[in-house]
Structure formats: C-alpha cells, structure tokens
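Here is the structure we will look at.
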Ligand code: ING
C-alpha cells in the first residue's frame, strides 16, 4: 500500500509586535481551511508562528519578554488551532516560544511540535543551533538575541512515527547545518519539517544579502538529497516590524527537487502529494548508509564540544533566563 500524503507549507506574512495570538491563530486556521479544499492532511507553519520574531529586540522588561512565551500548549488561545486540525482531519507542525519549569527552574526554548490529525501532540523539538548573539550590539540595524532568550534545545533530533511516515523536525538555523539532516536521516526520517524567520539582511556579511533565498533552498535541498528525505520549509515572511524576512516556503522531494513553492511574502499555502516510499530511491542506492558511509573517517564532526561548553558556560553565567 503506497504511503502517499497531500501536504502543505503554510507561510505566514508579518506578525505585529502587538498582534494578539488569536489573530495569528485565525490566520493559520484560514490557511488550514484553504488546504483542506485541496485534500491536505499535514500542514507546516513557521518558526515562532504565534508572535512576532521578538529576538530582533533587546527587551529589558522581564514582564514584557514573558508575554512572548507559551506556558501551556494548547492554551485557550491556541486550542482553536487544535480544534480546527481535528475538525479538518489535518495534522500540523507549529513553531513557538516555550517556557517550562523543570525541577523548580524556569527554562525557555525555541520549540516546535507535531500535532496529529486527532489533535494529539506526538512530538516536540527544541532548537539546537541558536544563531545570533547574547549581548545587544548597537551597530546592528536589528538584534538577533536567540542566544539570550532561549536555551540550547535538550531533546536532540528525534523521529516520530505519525501520519503514516517517519517525521523529523528542526528549526530555522538548524537547516544550515548538514549534521541536522544527517542525524535525522540516520534515525530514519522520511520527512523533515521546519519553520524559519530569515532576515534578508545579514548584518555581519551584507555582501551575502542577495544570496539569502539561494542559501535557504541550498541548505534544505542538500539536506533532502543527501538523506533521501522529503523536506517542508515554511517561512514567516515579509516586512515584519521593519525587518524584511525572506519567503520561499517550499516542499522538496528526496531527489532535492523543489516541487512546490509559495510565490509571495504573505499568508499563502503551497501544496503537493508526497510519497514516503520514494525515499527508498536514494536510501537504498546512492545514500545507502550501511553500504557506503565511512563513519570511521568522520571523527572531527563530533569533536569540539569542550570549546562549545566553555563558551556556553559564559553565556549561561550571565543568562537572563536564570530564574530570578
Ligand atoms: N534565523 C536565521 C537563519 O538561520 C540567519 C539567522 C540568517 C543566519 C541569515 C545566517 C544567515 O535562517 C533564525 N531564526 O535562525
């Protein structure tokens, strides 16, 4: 029995700093209903899909910063999204800022979940590659304070059996690191879902600004091809609070081909039928890991943790997320 599924990338245009979650949720439900008309069973929303991309600002007031985080999922504000999924028989990937208390300590993560067609959360991921910086830097036209507001994700790269396939997740900057897709591929992912908020302007290397769309697709297409998996990447796009974010939300086949893509920078779906069984065309041949990989020669890929830990200790020492 073939394992085909009609899927959608559900791109969102800008979300205002003061836009209520109910507004973002209503916009996502509208995209779900459009997708339903096309027989979609699984839809992928962006990273931080409930709020504006708040790491672009230094937010001094802890009470204001707290307003960008979800302390429960679903909450009364997000429950309508779960209800719509159940009503439409549609699973979804949702990115949001998570606040949890574990052993009496508050932790904050840039997070995503998979919710199945019955409205059950079947997987959670916490962003591992946090880009940007910890201290605000006034030379920048906008900040990128993910290292300040979020902790390094502690759930690893996992694969979840749901919607008839093996589903993996990551978030935004993760897609630029081949290790992300390779770990998910080694764990059998047949579809990797990810959301992103990617500014067109990269302050440290403005000479690359015109390459942001290319690097976006290059990263995801390479990940799909080298691991024989489908990839759905979904943007929060457009000019959000004065910051231009790229679009280019797309569905990519295990061959690396982009088979569907959004055209604009607003709320928009692009859909396609995927077949999980097509992964075999790569995974049983050119990327037959058991037959062709040479892990004995890959040692350096897993070295360097001590340097990272030293740097991270410094960040945690000064962190704002330490419980007050
Ligand atoms: N955003 C960006 C991303 O990785 C970035 C940060 C932009 C890095 C451009 C490099 C170049 O797409 C997030 N949220 O990770």
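Summary of computed values
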| read-out | value |
| --- | --- |
| Share antiparallel - DSSP beta bridges, the chain, percent rounded to 5 | 65 |
| Volume of the Cα convex hull of the range 98-255, divided per residue and given in Å³ | 131 |
| Residue with peak Gaussian network fluctuation, the chain [Cα springs, cutoff 10 Å], from 138, 297, 244 | 297 |
| Cα-based shape type of the range 100-181, given that a ≥ b ≥ c are square roots of the gyration tensor eigenvalues and the cut on a/c is 1.5 | prolate |
| Over the chain, relative contact order from alpha-carbon pairs under 8 Å, at least 6 apart, % | 21 |
| Largest-first ellipsoid semi-axes for the range 1-65, taking √(5λ) over the Cα gyration tensor eigenvalues, angstrom | 31, 13, 8 |
| Within a Gaussian network of the chain (alpha carbon springs, distance under 10 Å), most fluctuating of 246, 301, 15 | 301 |
| Residue of 162, 290, 49 that the Gaussian network model of the chain assigns the largest fluctuation, springs spanning Cα pairs under 10 Å | 290 |
| Peptides 201-208, 93-100 ordered by average Cβ neighbours within 10 Å, highest first | 93-100, 201-208 |
| Gap separating the Cα centres of the range 210-280 and the range 46-94, nearest whole Å | 22 |
| Estimated Rh, the range 4-323: Kirkwood, alpha-carbon pairs, angstrom | 19.9 |
| Radius of gyration, Dmax [the range 187-306; alpha carbons; angstrom] | 16.8, 50 |
| Helix-only mean residue ellipticity at 222 nm for the chain, each DSSP H run of n ≥ 4 adding -39500 (n - 2.57), per residue, nearest 500 | -7000 deg cm²/dmol |
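Rule-based calculations on the coordinates, nothing more; no lab input. Bear in mind the structure is a predicted one, so any value in this text is a computation, not a measurement. Every residue, glycine among them, receives a Cβ derived from its backbone with ideal geometry; neighbour counts consider all protein chains shown.
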